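**Q** Structure in structure tokens, see below.
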Amino acid sequence: MPIYSRDRAQVILSSLPEKEARFLVDWYLIALPIIQERSSSDPLHIFKHWLTRMLILAPIPSQIDGNSNEETLYPDRNLANFSDWLAGILKEWPSAYEPIGKYVRDIMPDIYDLQNPLISDGHHSLSVQFRKEKASLSLPFGALSDGEKCFIICGAVLAASQAYQPFCFWDEPDNYLSISEVSHFLMALRRSFQQGGQFVATSHNSEAIRQFSDENTFVLFRRSHLEPTIIRPLRELNIHGDLIDALIRDDVEI
């Protein structure tokens with residue numbers, strides 16, 4: 001049943017099939033923030049709350065130093081506030097530490113613990129402890145490699161998917177990973193979001209593309225910056241032979 005719809009300037013609210021409100025809003029304005037919800041159970045409130053929890057990610061690991069001074073559930077697109085977001089997740093859902101630890105230890109077995117100690121008034125610094133037999137090493141989060149940071153970011157996304165089942169868009173999640181790690185990384189994300197929420201990724205990486213079936217893969221193409229992007233389901237395209245070979249030869253026709 002439609003609750004909210006918009007066609008250019010026309011906004012339509014449908015609380016009940018027999019009750020419908022229509023009004024006009026400037027094309028360049030977003031209508032949702034000006035609409036008041038009646039209660040927390042109002043479908044419009046649920047929809048708006050869901051929108052605020054969306055994860056739109058394109059991490060730049062070199063900009064993530066591990067320092068934080070607040071807790072939030074709203075990560076930046078480049079995840080510069082990753083430590084703030086991680087602290088927010090663990091405060092709201094303390095059990096989220098378990099899926100983070102499990103995933104990261106599968107990738108890096110010598111990881112022992114993640115710590116976020118207070119270093120000054122209101123400021124914390126995320127660090128990672130490694131142990132193997134009797135030897136131990138503690139590193140600030142900023143000292144990890146870009147790939148190692150992405151593994152811990154992935155663990156946080158997996159924890160978020162179990163905690164509140166968001167929509168997650170990750171732009172090229174295969175960045176900063178070695179070829180052998182891409183498959184495990186993406187399959188962990190796919191399996192986690194099958195329980196709820198939704199995971200969408202973009203990629204040019206052949207190993208990443210192979211982790212998705214034709215039924216849930218779309219091909220995006222544009223001839224120039226002056227034309228709109230064309231989006232087609234992969235299953236509708238006439239692909240001869242192996243998809244990756246066809247992409248390499250530029251034989252995929254939209």
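**Q** Determine the distance separating the Cα centre of segment 106-125 from the Cα centre of segment 12-58; give it in Å without decimals.
**A** Cα centres, segment 106-125 to segment 12-58: 39 Å.
**Q** Just flag the chymotrypsin sites (Phe, Trp or Tyr not before Pro) in segment 146-254 sitting in loop per DSSP whose Cβ has no more than 13 other Cβ atoms within 10 Å.
**A** Counting only loop positions with at most 13 other Cβ atoms within 10 Å, none of the chymotrypsin sites (Phe, Trp or Tyr not before Pro) in segment 146-254 qualifies.
**Q** Can you check what the net charge comes to around Q63, using other residues whose Cβ is under 12 Å from the Cβ of Q63 (Lys, Arg +1; Asp, Glu -1)?
**A** Every neighbour counted, the sum reads -1.
**Q** Say the dipole of the chain comes from +1 at the beta carbon of Lys and Arg and -1 at that of Asp and Glu; which of A163, F199, S138 then lies farthest toward its positive end?
**A** So the residue we want is A163.
**Q** Would any residue of segment 221-246 have its amide N under 17 Å from a label point 7 Å out along Cα→Cβ of W27? List them or say none.
**A** Hits in segment 221-246 for W27 at 17 Å: 228.
**Q** Next question, about the same structure. Suppose every K and R has +1 on its Cβ and every D and E has -1 on its Cβ; what is the size of the dipole of the chain about the Cα centre, in Debye to the nearest 20?
**A** Taking the Cα centre of the chain as origin, the dipole is about 460 debye.
**Q** Put +1 on the Cβ of each Lys and Arg and -1 on the Cβ of each Asp and Glu in segment 213-254; which of I244, I230, S213 then has its Cα farthest toward the positive end of the dipole?
**A** Farthest towards the positive end: I230.
**Q** So, one more: In whole Å, what are the Cα extents of segment 160-254 along the three principal axes, biggest one first?
**A** Dimensions of segment 160-254 along the principal axes of its Cα atoms: 41, 30, 24 Å.
**Q** What's the center-to-center distance, using Cα atoms, between segment 129-186 and segment 204-254 in Å?
**A** 28 Å
**Q** Pull out a ≥ b ≥ c, the square roots of the eigenvalues of the alpha-carbon gyration tensor of segment 78-119, then state rounded if a/c is under 1.5, prolate if not and a/b is larger than b/c, and oblate in the remaining case.
**A** prolate
**Q** For segment 213-254, what mean projected area does the convex hull of the alpha carbons give, in nm²?
**A** 3.1 nm²
**Q** Would you mind calculating the gained length between I248 and F218 on full extension (0.36 nm times residue separation, minus the Cα-Cα distance), in nm to one decimal?
**A** 9.1 nm
**Q** What GluC sites (Glu not before Pro) in segment 1-80 are in a loop by DSSP, with at most 13 other Cβ atoms within 10 Å of the Cβ?
**A** Loop-located and lightly packed - E18, E70.
**Q** For a test of the definition: using alpha carbon positions, the gyration tensor, and the 1.5 limit on a/c, classify the chain as rounded, prolate or oblate.
**A** oblate
**Q** Separate question: Which semi-axis lengths, in whole Å and largest first, follow from the square roots of five times the eigenvalues of the Cα gyration tensor of segment 95-240?
**A** 35, 16, 16
**Q** May I ask you to derive the FRET efficiency for H123 and E236 from their Cβ-Cβ distance with R0 = 45 Å, giving the value to the nearest 0.05?
**A** My answer for the efficiency is 0.30.
**Q** Still on this model: Per residue, what volume in Å³ does the convex hull of the Cα atoms of segment 1-112 enclose?
**A** That works out to 179 Å³ per residue.
**Q** Treat each spin label as a single point 7 Å out from the Cα along the C-beta direction, and report the D42 to F130 distance in nm.
**A** 5.2 nm
**Q** Using the Kyte-Doolittle scale, which helices in the chain average at least -1.0 and also have C-alpha atoms spread 18 Å or more along the helix axis, with helices defined as whole DSSP H runs?
**A** Taking the DSSP H segments of the chain (at least 18 Å long, mean hydropathy at least -1.0), we get 146-164, 179-193.
Where a number appears in this text, it was derived from the coordinates with a stated rule and is not lab data. All figures in this text were calculated on a predicted structure; none of them were measured in a lab. Reconstructed Cβ throughout: ideal geometry from the backbone, glycine too, with neighbour counts over all protein chains shown.
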